[in-house]
Every structure is written in structure tokens, then in C-alpha cells.
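Note sheet for the following structure.
The values are calculated or read from the model by the stated rules, or taken from the named source; none is laboratory data. Here the structure is a predicted model, which is why all the values come from computation and not from measurement. Every residue, glycine among them, receives a Cβ derived from its backbone with ideal geometry; neighbour counts consider all protein chains shown.
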Amino acid sequence: MKQLMTLVMLLTVHATLAANWSNTSISFLRGNNFKLGTQSKTEVTLEHASAYNYGDNFFWFDITDPQNSSGENKTEIYGEWSPRFSLGKIFGFYDDNRFIKDVLQSNTIEWGRNTYNTAINARLFGIGFDLNIPYFKFFQINFYLRDTLNKSGTSFQTTAAYLLPFSFSEKFQLSWGGYFDHVIGDEGSESDNTLGQGHFQSGQQLLLDVGNLWNSANTIFMGFEYQYWNRKYGIKGGPVENNLKYMAKWVF
């Protein structure tokens with residue numbers, strides 16, 4: 001665990017030093033409708049996003065229910081690292097004014113373990129698009145070939161992420177942001193108990209810029225995250241999770 005945390009911090013520092021811009025935050029979330037394991041859980045999430053001359057970089061790391069790790073309900077640790085290489089910037093066709101601003105070679109590495117202490121390790125490779133959609137700060141969509149390392153076969157995954165800032169007044173600045181992951185196809189086999197079926201997961205966040213209320217914008221946010229997960233973990237016949245979480249976020 002200590003080695004993993006050290007690696008996460010080193011990735012954050014290295015990406016920040018090499019970046020044209022960067023954003024790092026830590027969030028605390030609490031929900032009472034988790035499926036599988038304990039119903040009420042706390043999450044601590046470290047996120048980092050940055051961009052450099054020829055691409056961008058995003059990773060996040062979760063610790064779920066760190067105060068409760070006994071019996072069958074283990075502390076969940078999970079992270080993703082998603083470096084992308086900008087073909088538009090490398091070959092000179094990037095255009096911030098077009099609907100498709102950029103085309104990118106996309107990658108993601110997933111690692112961690114779930115509440116049953118089952119390892120999660122996957123590699124994803126594909127193509128991504130940065131879209132120019134009015135009012136959105138960013139809108140990205142990526143199409144991947146997915147390879148889960150402890151399962152036979154491959155599947156396909158579509159991932160989108162977006163952020164829409166809006167306000168009711170100069171003081172009340174809000175944002176709606178989120179993502180969805182849609183895994184299409186099965187990996188593994190029932191015969192060796194590795195079957196992972198296609199599933200759909202989405203997280204939607206509505207946050208108020210609390211820091212802006214006292215003239216310290218983009219530092220402290222509070223609000224809610226709603227998580228929907230159909231066939232959680234890709235388990236055959238797995239549950240549907242509808243989970244509203246309270247959320248506080250601090251941007252470094």
C-alpha cells in the first residue's frame with residue numbers, strides 16, 4: 001500500500017513539472033447505497049489532469065471505506081492512468097475552432113482490488129476525440145480495445161468525460177461534470193470463474209464553488225455525485241447500483 005501511494009505521488013509530481021498546465025485535487029465522498037459489500041462507504045479520491053505540448057495526462061486513485069477493512073468487506077483500492085498523444089499537435093492539424101478539435105491516440109491502465117480482494121488489472125488502447133461543444137469546458141470521447149490481464153479474450157470500451165460550468169450570479173458558480181464507461185462484450189470464462197460481462201457505469205457531479213463565495217475561486221467545492229452502475233464489476237447477473245454521494249473537493 002505504501003509503495004502504491006509513493007508511486008501515485010511520484011506520478012503527480014513528474015506530470016506537474018512537465019506540464020503546460022495541471023490540476024490536482026483530493027475529494028471526500030460518502031454514500032449509503034453501495035452494492036456488494038458494506039452498503040455505506042466513504043471514498044477518498046486523488047485526481048490529476050495535465051497537458052503538455054503533444055498530449056495530455058489524467059489519473060485518479062481511490063481508497064474506498066478506509067475505516068472498515070474486516071471480514072469479507074476489504075478496503076477497495078483502485079486507480080487509472082490515461083496518457084493520450086495528440087495527433088493533431090504532432091502532425092499540425094489541431095484546430096480549437098472545429099467541432100473535432102483533436103484526434104488522439106488513447107491509452108488507459110487500470111489497477112487495484114475490489115471489496116472481495118479480487119485484483120483488477122486491465123490495459124486499454126484506442127483512439128480519442130476532443131470535441132468543441134458550446135459552453136462545455138471540455139468534452140472528450142475515447143474508443144478502446146480492452147484487455148483484462150487475468151481474463152481470456154478482449155472487449156471494447158467507450159469512455160466519455162465532460163465539464164459544463166454555469167452560474168446563477170457572480171458569486172454562485174457551479175459545474176456539472178461527469179463520465180461514462182460502456183464495456184461491450186465479455187472477457188474470461190465461467191469454467192475458470194473469470195467471466196466478466198459487459199457493463200455500463202456513469203458518475204455525474206454537481207458542485208458549487210464554495211471558495212468563490214469568499215473570493216478564493218476554484219479551490220473548494222461541495223455538492224453531490226450520483227453513480228449508476230449496471231452489472232457492477234461485470235459480474236454475471238450482478239446488481240444495479242444507484243448511489244447518491246455527498247462530496248467535498250479541494251483543489252491544490
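Couple of notes before you dig in:
- The residues in region 190-205 that are under 20 Å from Thr118 (Cα atoms), assigned to a strand (DSSP E or B) and modelled with pLDDT of 95 or more can be counted, and the count is 3.
- Selection of first residues in region 198-223 that are touching a residue at least 40 places away in the same chain (Cβ under 8 Å) and of second residues that are among the aromatic types (Phe, Trp, Tyr) and crowded, with 19+ Cβ neighbours inside 10 Å, restricted to Cβ pairs under 7 Å at least 6 apart or on distinct chains, gives the following pairs, ordered by first then second residue: Leu207/Phe221.
- Of all residues in region 89-116, those satisfying the criterion of being of a type in the set (A, V, I, L, M) and either within 14 Å of Asp130 (Cα to Cα) or over 18 Å from the mean Cα position of the chain (by Cα) (or both) are Ile90, Ile100, Val103, Leu104.
- Restricting attention to region 130-144, the residues that are under 14 Å from Ser82 (Cα atoms) and more than 14 Å from the chain's Cα centre (by Cα) total 2.
- Of all residues making up region 236-252, the number that are among the aliphatic types (A, V, I, L, M) and surrounded by fewer than 15 Cβ atoms within 10 Å (Cβ to Cβ): 2
- Within region 91-189, strands (runs of 3 or more DSSP E) holding 1 or more residues that are closer than 26 Å to Lys232 by Cβ and charged (D, E, K, R): 100-113, 119-131, 138-148, 173-184
- If you go through region 145-182 and pick out every residue that is under 16 Å from the mean Cα position of the chain (by Cα), among the β-branched types (Val, Ile, Thr) and buried (at least 18 other Cβ atoms within 10 Å of the Cβ), you end up with 1.
- Failed item, numbered, when Val44 is tested on (1) aliphatic (A, V, I, L, M); (2) at pLDDT below 95; (3) within 18 Å of the chain's Cα centre (by Cα); (4) surrounded by fewer than 19 Cβ atoms within 10 Å (Cβ to Cβ): (2)
- Residue in region 215-234 that is of a type in the set (Asp, Glu), on the phi < 0 side of the Ramachandran plot and modelled with pLDDT under 95 present: no
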